[in-house]
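Participant: Sharing a structure, written as structure tokens. Questions coming.
The values are calculated or read from the model by the stated rules, or taken from the named source; none is laboratory data. Everything numeric here is computed off the predicted structure, so don't read it as measured data. Cβ coordinates were reconstructed from backbone atoms using ideal geometry, including for glycine residues, and neighbour counts include every protein chain displayed.
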């Protein structure tokens, strides 16, 4: 079984606070992340941010459903982790770095152990295609949303 993992970055022509506003708004992720079919917020933290959510991911081979726990270190880091669902494990993060002059570097990291039947269906070619969809494209999606 192959893990799907990687790190991808981009520079965004928007101040860190504007980029952070997009990253921390988990309930709106499906509007700008193409592979997310649905994000349903659950519990909220003390500042009314999404602490848990149900997610459906269009992985092309199948739809993956899971629950995520989210945590925040404003305005630079947001992490999420699978707590239940179709995958064996999933951990991800956004790291934002203020570059000055209204510019931000956004770095996305993801590590997925698909496990079970999904992992059995993955060969090297499919793993690379999913990595491109689930990791490599994310910073560009955020850039388009934050600059748009």
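Participant: Here are some conditions: (1) touching a helix residue (DSSP H, G or I) at 6+ places or on another chain (Cβ under 7 Å); (2) surrounded by 15 or more Cβ atoms within 10 Å (Cβ to Cβ); (3) farther than 20 Å from residue 134 by Cβ. Residue 16 meets all but one. Which one does it not meet?
Facilitator: Against the list (1) touching a helix residue (DSSP H, G or I) at 6+ places or on another chain (Cβ under 7 Å); (2) surrounded by 15 or more Cβ atoms within 10 Å (Cβ to Cβ); (3) farther than 20 Å from residue 134 by Cβ, residue 16 comes up short only on (1).
Residue-by-condition table, conditions (1) under 15 Å from residue 148 (Cβ atoms); (2) over 12 Å from the mean Cα position of the chain (by Cα); (3) part of a loop (DSSP other than H, G, I, E, B):
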{"residue": "6", "(1), (2), (3)": "no, no, no"}
{"residue": "9", "(1), (2), (3)": "no, yes, no"}
{"residue": "20", "(1), (2), (3)": "no, yes, no"}
{"residue": "23", "(1), (2), (3)": "yes, no, no"}
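Participant: Would a scan of the range 64-83 turn up a residue that is surrounded by 14 or more Cβ atoms within 10 Å (Cβ to Cβ), out of contact with any strand residue (DSSP E or B) (no Cβ under 7 Å at 6 or more places or on another chain) and modelled with pLDDT of 95 or more?
Facilitator: Yes; the residues of the range 64-83 include at least one that is surrounded by 14 or more Cβ atoms within 10 Å (Cβ to Cβ), out of contact with any strand residue (DSSP E or B) (no Cβ under 7 Å at 6 or more places or on another chain) and modelled with pLDDT of 95 or more.
Participant: Being touching a strand residue (DSSP E or B) at 6+ places or on another chain (Cβ under 9 Å) and buried (at least 18 other Cβ atoms within 10 Å of the Cβ) narrows it down to one residue among 97, 86; which is it?
Facilitator: The conditions single out 86.
Participant: For the list (1) in contact with a strand residue (DSSP E or B) (Cβ under 9 Å, 6 or more places away or on another chain); (2) loosely packed, with under 15 Cβ neighbours inside 10 Å; (3) under 18 Å from residue 130 (Cβ atoms), I need the number of the one condition that residue 4 fails.
Facilitator: (2)
Participant: Filter the range 25-41 for residues that are modelled with pLDDT of 95 or more, under 11 Å from residue 142 (Cβ atoms) and part of a loop (DSSP other than H, G, I, E, B) and give the result.
Facilitator: The answer is 32, and nothing else.
Participant: Here is a further query. Inside the range 42-63, can you point out the residues that are modelled with pLDDT of 95 or more, over 21 Å from residue 108 (Cα atoms) and in a strand (DSSP E or B)?
Facilitator: Selection gives 44 alone.
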